[in-house]
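Just so it is clear, none of the values below were taken in a lab; they were calculated from the coordinates. Note that this is a predicted model, so its numbers are computed, not measured. Glycine also receives a Cβ, built like all others from the backbone with ideal geometry; neighbour counts cover every protein chain displayed.
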Amino acid sequence: MNKSLTAKVCGITFATISIYCSAVLWWSFASTTIDQVIAAAIGAGFVACQYLFHANRNYIATTVLFIISSAATIGWIESRYDAIKTTELSSDSSYAEKTKTLTELNNSLALQNLSARNDLANTAINFTGRANRTLAQAKQTRNAITQIEREITQLKNANPSSQKSGSAIANKLAEWRWALWILLAAMIDIIPMICFKIIKAETVSATLQTSLHPSLRKSLQPSSQLGATTETLTEIKGESTDPLLHILQHEIINGEWGETIPMKRIMAKHNARHDRLKPIFEWMIKNNVIKRQGNRFIRSKPAIEMNKKEQSA
């Protein structure tokens, strides 16, 4: 399996996981089926836009959507952990007994409050004394509920043994498990971004190798293939450059910028500073891809001829 295919499989897999977690989170906010479908679509759209904005170097929007997406993934992981832990606790006789007692106490409290309200609302006969006694019983019931809830919480935080390896690790970490959830959620979103960069870099490299004139293609051949990210440096004719050179050279030779090369528009499109473009333009001048004309850069005749030959081929 080549690098591009591996990156595609990994990127799509982790992106799908992130989309699913986000969709589940937003789905939980709605009650009707139509609202749930709309909410899930919003969650999925947020994640998809995150990768789109990152590809276009809109890092502010990407960061906001990354936080939202990570929160959704953290929530999903914690809900799965909590569900497993609750299932395991339900087999604990002590936990089951206390849960049953809590339910009975809550029912008793509701009846006591209702009885007290009815007695206080009866103006024909004075039931104030009975109402006060009922309210006192209700207070005792509330105290008992508080105590049972505290005991149930202690059981939940007692790090019970688990047959599932993930739950066992989370139980040992206790509250520190949130750090693990944050790390996992971040990686689920970051991995697709890296994978999609690899795919883009491999695609650009492959396109250049197949579309350019043979003589120029030979000069572009690096000592090693393009690395894992677009920031990987290669050596071309003894000069250090980044893959933006390949992209610009492909665009210029194929006439995407016209005959006069607009450096400011290129800087805006590729989010590149002048000090990054300067050595790239110098390389292309040296290799006769462009030439300087006063204060401007224009496409060289060899580059124009290469494009014409490729179009007529």
Quiz item: Per residue, what volume in Å³ does the convex hull of the Cα atoms of the range 1-154 enclose?
Solution: 206 Å³
Quiz item: Once the other residues with Cβ under 13 Å from the Cβ of W178 are scored (Lys, Arg +1; Asp, Glu -1), what is the net sum?
Solution: -2
Self-check item: Centroid-to-centroid separation of the range 20-58 and the range 84-108 [C-alpha atoms, Å]
Solution: 35 Å
Self-check item: Length released on extending from T128 to M187, taking residue separation times 0.36 nm less the Cα-Cα span
Solution: 14.9 nm
Self-check item: Full-stretch length increase - E78, L155 - with 0.36 nm per residue and alpha-carbon distance subtracted
Solution: 25.9 nm
